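What follows is one structure encoded as structure tokens, with my remarks underneath.
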């Protein structure tokens, strides 16, 4: 079985020491997902240093394209192509992809018990705060109860 392109990037660009320390940082659970934008293929991780108590941000752009993937870390390391924080982030990214946590599934939020307090109750606010199905159901309910006067 061939390695995924993310792990190939790690082993191609990282030194043995950087890879070892990046794996350690990942194994300790020091990598946290901060931002994810599926449309642009950008992802941001917050990584705690394994030696010091400092945190660094790792920016990964175009992670789905093996030829255009780019990494940037806020740490001062400049001795090689990638640092241990970037290695740890790439291992975390591969783990998230393997588990399907960055997948294509549609997210559904159950809002049956959601309460919204409004100063002004108008049609535009109602449309913005609920799904189209809920809005249509509410509109039908109000028409049935002759409540059109309550919505302006």
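Against the condition surrounded by fewer than 12 Cβ atoms within 10 Å (Cβ to Cβ), under 14 Å from the mean Cα position of the chain (by Cα) and in contact (Cβ under 8 Å) with a residue 12 or more places away in the chain, how does residue 62 come out, does it pass?
Numbers: surrounded by fewer than 12 Cβ atoms within 10 Å (Cβ to Cβ): no; under 14 Å from the mean Cα position of the chain (by Cα): yes; in contact (Cβ under 8 Å) with a residue 12 or more places away in the chain: yes.
So residue 62 does not fit the description; no.
For residue 34, indicate whether it is in contact with a strand residue (DSSP E or B) (Cβ under 6 Å, 6 or more places away or on another chain), free of Cβ contacts under 8 Å to residues at least 60 places away in the same chain and either closer than 12 Å to residue 83 by Cβ or exposed (fewer than 15 other Cβ atoms within 10 Å of the Cβ) (or both). Quick ask: steps written out before the conclusion?
Numbers: in contact with a strand residue (DSSP E or B) (Cβ under 6 Å, 6 or more places away or on another chain): yes; free of Cβ contacts under 8 Å to residues at least 60 places away in the same chain: yes; either closer than 12 Å to residue 83 by Cβ or exposed (fewer than 15 other Cβ atoms within 10 Å of the Cβ) (or both): yes.
Here the answer is yes, as residue 34 does meet what is asked.
Filtering the range 37-52 down to residues that are loosely packed, with under 12 Cβ neighbours inside 10 Å and under 12 Å from the mean Cα position of the chain (by Cα), which residue is modelled with the highest pLDDT? Before you say what the answer is, go through the steps one by one.
Residues of the range 37-52 loosely packed, with under 12 Cβ neighbours inside 10 Å: 37-40, 51-52.
Those still in the list that are under 12 Å from the mean Cα position of the chain (by Cα) too: 37-40.
Working: 37: 87, 38: 83, 39: 81, 40: 84.
Once the filter is applied, the top-ranked residue is 37.
Give me the pairs, please: first residue somewhere in the range 91-114 and over 15 Å from residue 7 (Cβ atoms), second residue anywhere and at pLDDT below 90 and assigned to a loop (DSSP other than H, G, I, E, B), beta-carbon distance under 8 Å, and either six or more positions apart or on two chains.
102/38; 111/130; 111/131
The values are calculated or read from the model by the stated rules, or taken from the named source; none is laboratory data. This is a predicted model, so every value here is computed, not measured. Positions of Cβ are generated from backbone atoms using ideal geometry, with glycine treated the same way; all protein chains shown enter the neighbour counts.
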